[in-house]
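Written below as structure tokens is the structure these notes are about.
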Protein chains: 2
Amino acid sequence: MKKEHVEIEEIKKILTNYDVRPSFQRLKVYEYFILNRNHPTAEMIFQGLKDIIPSLSRTTIYNTLKLFTQKKLIQAIPLDSNTIRYDINHDGHAHAKCIICGEIFDIKIKADDIQHTLPDSFEIKEFDVIIRGCCKKCKK
Amino acid sequence: MKKEHVEIEEIKKILTNYDVRPSFQRLKVYEYFILNRNHPTAEMIFQGLKDIIPSLSRTTIYNTLKLFTQKKLIQAIPLDSNTIRYDINHDGHAHAKCIICGEIFDIKIKADDIQHTLPDSFEIKEFDVIIRGCCKKCKK
DNA sequence: GTATCTGCAAAACATTTGCAATTCT
DNA sequence: AGAATTGCAAATGTTTTGCAGATAC
């Protein structure tokens, strides 16, 4: 589930496409998402980057996550509640968490799949499907 | 969306069925859920009850909500993130929030409706579907 | 009379805000 | 120079914890 390497130039392009200026910190935060597909909290990102960027502050992580969210580079996923988790923009997929091992599975689901359950003329802007249960491995 | 009255004896029965001792505070918290179908936060419940129970403390609300959640009387819904909202056990339904007027709609959806999107042999214990969008009224 | 429940005060934790220093263009 | 970005320190808001007194069985 880990990528070994991503070209920094490629990340720059992505941020620029989403109208986000590619500062060093922002590049590293986005790179973190690509290298660790782990639906991180702000704190996880901070811990993962503080050795690479010793001057890094949590405020910058929070600023960056808020900006990325506004620009739709990432989305907040209300997986557990009190600490917010983030994921690279997950339009078209959702999350299932195993309550035994804690692993988070990406699942494919589209707005169309749930439109029929909604009140008349309700227009979906974004949605989350969060499933807690037990994965194959942990059922034994 | 409001009930005028519920028999206190009826609530006592419900709590007892779920293996929760029916103290006065707990009865009132559960009654709050029935009288106000508003997916409340801890603070909303506290504000709604503090006049009826002047000695009431937030700690008791938090204790009670945690206990109710463990006993499956209620469920946390990760609607927005930072403050936890609760709902009477919502197996079999989920929530759509209008981002304009803030109203929360209950929608009907069953585990079976999403089972097919999951990895092999994943067993759903509980799930949430959270939709943010625009309701009929606000689309004009 | 012992276990449970309540509620105060303080602590813990995640997140936000104000502002000064730094960096980029 | 001027605008955007960073990061420190302090504030905010929600939830948790420790503990003493009250209540229930």
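We did not get these values from a lab; they are worked out from the coordinates using the rules stated. This is a predicted model, so every value here is computed, not measured. Glycine also receives a Cβ, built like all others from the backbone with ideal geometry; neighbour counts cover every protein chain displayed.
Measuring nothing but alpha carbons in segment A:8-86 and taking Rh as the Kirkwood radius, the Rg to Rh ratio lands at 0.93.
Panel note: the C-alpha atoms of chain B, placed on their principal axes, show extents of 46, 43, 28 Å (largest first). For the residue pairs A:K136/B:K125; A:K110/B:K136; A:K125/B:K136, the alpha carbons lie more than 18 Å apart in A:K110/B:K136.
Placing a label point 7 Å from the Cα of B:K12 along the Cα-to-Cβ direction, the distances to the matching points in the other copies come to 7.4 nm, shortest first. Using equal-weight Cα scatterers in the Debye expression, the normalised intensity of the protein assembly as shown in log10 at q = 0.11, 0.13, 0.15 Å⁻¹ is -0.76, -1.01, -1.22.
Across the identical copies, the label point of B:I52 (7 Å from Cα in the Cβ direction) is separated from its matches by 5.3 nm, in order from shortest.
As a proxy for reagent exposure, ranking A:V20, A:V6 by other Cβ atoms within 10 Å from fewest up yields A:V6, A:V20.
Comparing B:C134, B:I114, B:F68 along the charge dipole axis of segment B:53-140, the residue lying farthest to the positive side is B:C134, per the Cβ-charge model.
A helix-only calculation puts chain A at -10000 deg cm²/dmol for mean residue ellipticity at 222 nm, using -39500 (n - 2.57) for each DSSP H run of at least four residues, averaged over all residues.
Evaluating 6.51 cos²θ - 1.76 cosθ + 1.60 at θ = phi - 60° for every residue in segment A:105-120, the Karplus couplings come out as 9, 7, 10, 8, 7, 10, 3, 4, 5, 10, 3, 5, 8, 8, x, 3 Hz, glycine and proline recorded as x.
Chain A versus the axis that turns it onto chain B: the residue with the nearest Cβ and the distance in whole Å amount to A:P78, 2.
Order of A:Y32, B:Y86, A:Y62 from fewest to most other C-beta atoms within 10 Å? Don't skip to the answer; put the middle values down first.
On the way: A:Y32 18, B:Y86 22, A:Y62 14.
Least to most surrounded, the residues fall as A:Y62, A:Y32, B:Y86.
Inter-copy label distances at B:D106, using a point 7 Å along Cα-to-Cβ, come to 3.5 nm with the shortest given first. Working note: Debye formula, equal point scatterers on the alpha-carbon atoms of segment B:91-139, no solvent; log10 I(q)/I(0) at q = 0.13, 0.18, 0.31 Å⁻¹ is -0.38, -0.62, -1.12. In straight-distance terms, cross-link reach from B:K66 covers every one of the aspartates and glutamates whose alpha-carbon lies under 17 Å from its own, apart from those fewer than eight places away in the same chain; here that gives A:D80, B:D19, B:E31, B:E43, B:D87, B:E126. Each of B:R85, B:R21 was scored by other Cβ atoms within 10 Å of its Cβ. Listed from fewest to most, they are B:R21, B:R85.
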